[in-house]
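All remarks here apply to the structure that follows.
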Amino acid sequence: MAETPQGQGQETLSNLLQESRSFPPPADLAADANVQADAYDAASADRLRFWEEQARRLQWEQPWSNVLEWNPPFAKWFTGGKLNAAVNCVDRHVDAGRGDRVAFYWEGEPGDTRAITYADLKDMVCQAANALTELGVNKGDRVAVYMPMIPETVVAMLACARIGAVHMVVFGGFSVDALGTRLDDSEAKLVITADGGYRRGKPSSLKPAVDDAVRDRPAVENVLVVRRTGQEVEWNEGRDVWWHDIVDRQPTEHDAEAHDAEHPLYIMYTSGTTAKPKGILHTTGGYLTQVAYTHWAVFDLKPESDVFWTAADIGWVTGHSYIVYGPLANGATSVMYEGTPDTPHKARFWEIVQKYGVTLAYMAPTAIRTFMKWGEEYPAQYDLSSLRVLGSVGEPINPEAYMWYRTHIGGNRTPIVDTWWQTETGAIMVTPMPGITHGKPGAAMHPIPGVVVDVVDESGESVPNGHGGLIVVREPWPAMLRGIWGDPERYKKTYWSRFEGLYFPGDGAKRDEDGDLWLLGRVDDVMLVSGHNISTTEVESALVAHNKVAEAAVTGASDPVTGQAIVAFVILRSEAGDGGADMIKELRDHVGAHLGPIAKPRQILVVPELPKTRSGKIMRRLLKDVAENRELGDVSTLTDAQSIETLKEAFQESGKSDE
Ligand code: WT7
C-alpha cells in the first residue's frame, strides 16, 4: 500500500482482515428452507413485483393500486391499500383457527411466567383499544409507551396500531430528560407506563420518572399505569388511571378500522450521540411487509413448530420489528424475557432456551462477547440442541465472537445470520440466508432479495471486490423510514445529501475478494493512520481473535507522527487471569501479524468495562476523549457514567506509551 498525504487516502477504507473459514448450511435446513436461491433472481428481475408478492402475506381490507410512488427522497408504498396492523398480527390468526397457539411465553425476571395465546392477545388488544378510545385517544394521536418488558407493552403498542394512534416507545432505562424531550417532540397526549419492572433481582421504578416528565407538560392528558411490581406510586387524581381499572372492564370485541398503507404506525427516536434525537417515522403497509418477510426468510420460520426469541428490549427497533410486528404478523410463538442475562445466574439465557425449547434466537454481539468473557461453562450446563438458527444484530460481530456463538451456543451446527439494518431501515437489509448462504465469520454477506445495496467510494463510485468504502442503498425499500417526525429538511440532509439519489446510512463497509459484504462500523469512527483509513472494527476483531481477549474497543487519537494513532481498550476473558507480563506486546504483535504493521495499536489498556450506550453499542467518542486526554463529552446516554471516569484515570496512570 502506497502512503498518501494525510486526508487524501486513495482508499475510502482499508481492507485488512482476511477470512477463509466458511460454513455451508446444514443439508436438512437447506432442503426445507423457506427461501431458495431463486428468490434473489425473482427479486432482481422485478423488484416491485417481488415486494407485491411479499405484501400478499398480509391481510388487506382493500388492495393497493400503486406499489411504489417515489419522489426522492420521499417514498410511498402500496398506496390505495388499506389494512390494520393489529388485525394482521392477531385477529387473522384467531380467525384462521389458530387461537390456541401461544404468541408469547413470557418469563419475568423473578421467575413468574405467563403463556399468552393468540386468542388471549386478541381479547387483551381489543380491551386496550376500547380503553384508549374511552381516554379520548383518536386516530393520529401520539401515545408514549414507557414500560418494562411485560406483555402489556405489546398489547399497548397493538392497541394503538388498532385505532390508528401512533406509538412512541421510550426505552424504560432512559432518564426523565430523555422521556421529556421525546414527549415534547412527538406531542404525545397519553403516556402508558407501569409502576416498575424487575431488573437485576429487584424492582426498578418507572412511574416516578413519568411523574417528573409530565409535571410541566400539560399536553399529556393521562397516564395509564400497569401494576407490575406493586411498588408504592404517587397518584395524580384525574390524570393517572390504573390499567386494571379501565382496561379489564372493557368488552373484548372491537371493530378495527382499516388504515391507509401509509398511515403512521410508530415513531422511534434514534439513540443518536449528542445531537437532538431524531424521531424516525414508520408507516403501516410497507413496514409490515418487510418485517414479516424478513422474519420468515432470515430465520427460516416454521410457525407451527419454531420457538423464536429476540433477546432485546421492545424499546429498540429490534424489539418493535422482531418481538412484536414480524413474529406476530407471521403467527409465530415467541419467548419474551423481562430481565438481565445474569439474574439470578450467568446461565439464565441458556436456562430459558432449554425450558422453552427455543429454536431461533436473536441477540446482540455485545451480549455474545459478554457470554464469551464469562466462559463457555455456563451454556454447557444446559441442553441447547433445540436451536437451529442464531442471529446477531446491532454491531459488527467479530469473527471470533461469531465462532464462539456458533460453537458454544449453536453446537457447531447452526447457521449464524449476521443481520445489518438500522432504526431507519425498519427491517433487516443485509444478511446471510440460513438455507442458502455459506456463512463467513464476521460478514453480513448479501442484501436480501428486493434490496439494492452497494459499497461506494467518496465520489459515489462502486468499489471493486477487495475494497472498502461506504454502504449505500440504491433503491427505496418497503420498510424505509418515511422521514424524521416534523423535520423533512433534516431527513434530506442526514440521509440523502452525501450522494445524489442514494440513501447513506453512515456506516463503513467493504466488499471482500468474494464480493461478500462486511460492515465496518460508523464512518465517524474510521481512523486515519499515516494516510490509511482503518476501521475500528477490523482492529477490534483482530484483538478479539486473541485467545485472552473477550472484547475490545478501538479509537483514533491524534498523533504528531502518524496523524492519528490507534488506541485500544480490551477486556480479558475470565480464564486469561491478568493476561501475564508480556501481554501488551503480545497483543500488539498479534494485531500486526493479523492486519499488518500499520494497524498495530500505539497503546493498549486492559480495562474491566467499556463505556456503552444502553442498547449495548460501544461509545468510541468517549474513548477518544480519554485517549486524547480531553474533557469527557456528553455521557447522558451511557449505562454507567462512573465507569468512564475510572477508565480515564487508569489511562492517565498507564502513561503515554507501551513501547
Ligand atoms: C447501526 C444501527 C439494527 C437494529 C438495532 C440497532 C450498527 C446494526 C449491524 C451489523 C454491523 C451493525 C450499524 C447501524 N449495526 N447491525 N449486523 N453489523 N453493524 O439499530 O440503533 O438504529 O443502530 O447499528 O452501525 O447503522 P440502531
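The values are calculated or read from the model by the stated rules, or taken from the named source; none is laboratory data. Quick caveat, the model's predicted, so the values are computed rather than measured. So basically every Cβ, Gly included, is an ideal-geometry build from the backbone, and we count neighbours across all protein chains shown.
Take the residues in the stretch 374-428 that are among the aromatic types (Phe, Trp, Tyr) and assigned to a loop (DSSP other than H, G, I, E, B), then tell me which one is surrounded by the fewest Cβ atoms within 10 Å (Cβ to Cβ).
Within the stretch 374-428, the first condition is being among the aromatic types (Phe, Trp, Tyr), and the residues that meet it are 374, 378, 382, 402, 404-405, 420-421.
Adding the requirement that they be assigned to a loop (DSSP other than H, G, I, E, B) leaves 382, 421.
Working: TYR382: 15, TRP421: 24.
Only one residue fits best here, namely TYR382.
For the stretch 359-373, residues that are crowded, with 23+ Cβ neighbours inside 10 Å and over 17 Å from the mean Cα position of the chain (by Cα) total 2. Regarding ILE368, is this residue within 16 Å of the ligand (Cβ to nearest atom), modelled with pLDDT of 95 or more and not in a helix (DSSP H, G or I)? It is false that ILE368 is within 16 Å of the ligand (Cβ to nearest atom), modelled with pLDDT of 95 or more and not in a helix (DSSP H, G or I). Against the conditions (1) within 9 Å of the ligand (Cβ to nearest atom); (2) over 17 Å from the mean Cα position of the chain (by Cα), PRO396 satisfies every one except (2). Can you work out which of the residues in the stretch 614-637 that are outside any helix (DSSP H, G or I) and touching a strand residue (DSSP E or B) at 6+ places or on another chain (Cβ under 7 Å) is farthest from ILE584 (Cα to Cα)? Out of the qualifying residues, it is THR637. The listed residues are ASN533, ASN547, and the only one of them that is in a strand (DSSP E or B) and of a type in the set (S, T, N, Q) turns out to be ASN533. Using the structure shown, decide if ALA401 is within 13 Å of the ligand (Cβ to nearest atom) and hydrophobic (A, V, I, L, M, F, W, C). When the stated conditions are applied, ALA401 passes them. Looking at the stretch 195-234 only, could you name the residues that are assigned to a loop (DSSP other than H, G, I, E, B) and closer than 20 Å to LEU135 by Cα? Matches in the stretch 195-234: ASP195, ARG217, PRO218, ALA219, VAL220, GLU221, ARG227.
The conditions of being in contact (Cβ under 8 Å) with a residue 24 or more places away in the chain and either part of a loop (DSSP other than H, G, I, E, B) or more than 16 Å from the ligand (Cβ to nearest atom) (or both) are not met by GLY508. Residues that are within 16 Å of the ligand (Cβ to nearest atom) and among the charged types (D, E, K, R) were ranked within the stretch 575-628; the one that is nearest to the chain's Cα centre (by Cα) is LYS617.
Taking the conditions (1) of a type outside the set (Asp, Glu); (2) part of a loop (DSSP other than H, G, I, E, B); (3) crowded, with 24+ Cβ neighbours inside 10 Å in turn, SER305 satisfies each one other than (3). Output yes when any residue across the stretch 235-243 is assigned to a loop (DSSP other than H, G, I, E, B), among the β-branched types (Val, Ile, Thr) and more than 16 Å from the ligand (Cβ to nearest atom), and no when none is. No, the conditions are met nowhere in the stretch 235-243. When restricted to residues that are over 21 Å from PHE299 (Cβ atoms) and among the aliphatic types (A, V, I, L, M), the stretch 374-417 contains 1.
So which residues in the stretch 404-426 are within 10 Å of the ligand (Cβ to nearest atom) and of a type in the set (Val, Ile, Thr)? Walk me through how you get there before you give the answer.
Within the stretch 404-426, the first condition is being within 10 Å of the ligand (Cβ to nearest atom), and the residues that meet it are 417-426.
VAL417, THR419, THR423, THR425 - these are the residues of the stretch 404-426 that are within 10 Å of the ligand (Cβ to nearest atom) and of a type in the set (Val, Ile, Thr).
Do we have any residue at all in the stretch 252-271 that's within 16 Å of the ligand (Cβ to nearest atom), at pLDDT below 95 and over 25 Å from GLN62 (Cβ atoms)? Before the answer, list the steps.
Of all residues in the stretch 252-271, those within 16 Å of the ligand (Cβ to nearest atom) come to 266-271.
Next, from what is left, pick out any that are at pLDDT below 95: 270-271.
Pick out the ones that are also over 25 Å from GLN62 (Cβ atoms) and you get 270-271.
The answer is yes; a qualifying residue exists.
Among the listed residues GLY375, GLY411, which satisfies the condition of being in contact with a helix residue (DSSP H, G or I) (Cβ under 9 Å, 6 or more places away or on another chain) and touching a residue at least 12 places away in the same chain (Cβ under 8 Å)? Just one listed residue meets the conditions, GLY375. With respect to (1) closer than 30 Å to PRO488 by Cα; (2) out of contact with any strand residue (DSSP E or B) (no Cβ under 6 Å at 6 or more places or on another chain), the lone exception for LEU48 is condition (2).
Within the stretch 429-473, if we keep just the residues that are charged (D, E, K, R) and surrounded by fewer than 22 Cβ atoms within 10 Å (Cβ to Cβ), the residue that is nearest to the ligand (Cβ to nearest atom) turns out to be ASP454.
Residues of the stretch 15-41 being assigned to a loop (DSSP other than H, G, I, E, B), touching a helix residue (DSSP H, G or I) at 6+ places or on another chain (Cβ under 9 Å) and closer than 28 Å to GLY468 by Cβ, which ones? Residues satisfying the conditions are ASN15, LEU16, LEU17, GLN18, GLU19, ARG21, PRO24.
Going through VAL455, VAL358 one at a time, which residue ends up being in a strand (DSSP E or B) and touching a residue at least 40 places away in the same chain (Cβ under 8 Å)?
Numbers: VAL358 fails: in a strand (DSSP E or B).
The match here is VAL455.
The residues of the stretch 468-505 that are out of contact with any Pro (no Cβ under 8 Å at 6 or more places or on another chain), in a loop (DSSP other than H, G, I, E, B) and more than 22 Å from THR294 (Cβ to Cβ), listed by number, are TRP485, GLY486, ASP487, SER497, ARG498, PHE499, GLU500. Taking (1) in the same structural domain as VAL606 (by TED's automatic domain parsing); (2) polar (S, T, N, Q); (3) within 16 Å of the ligand (Cβ to nearest atom) in turn, THR537 satisfies each apart from (1).
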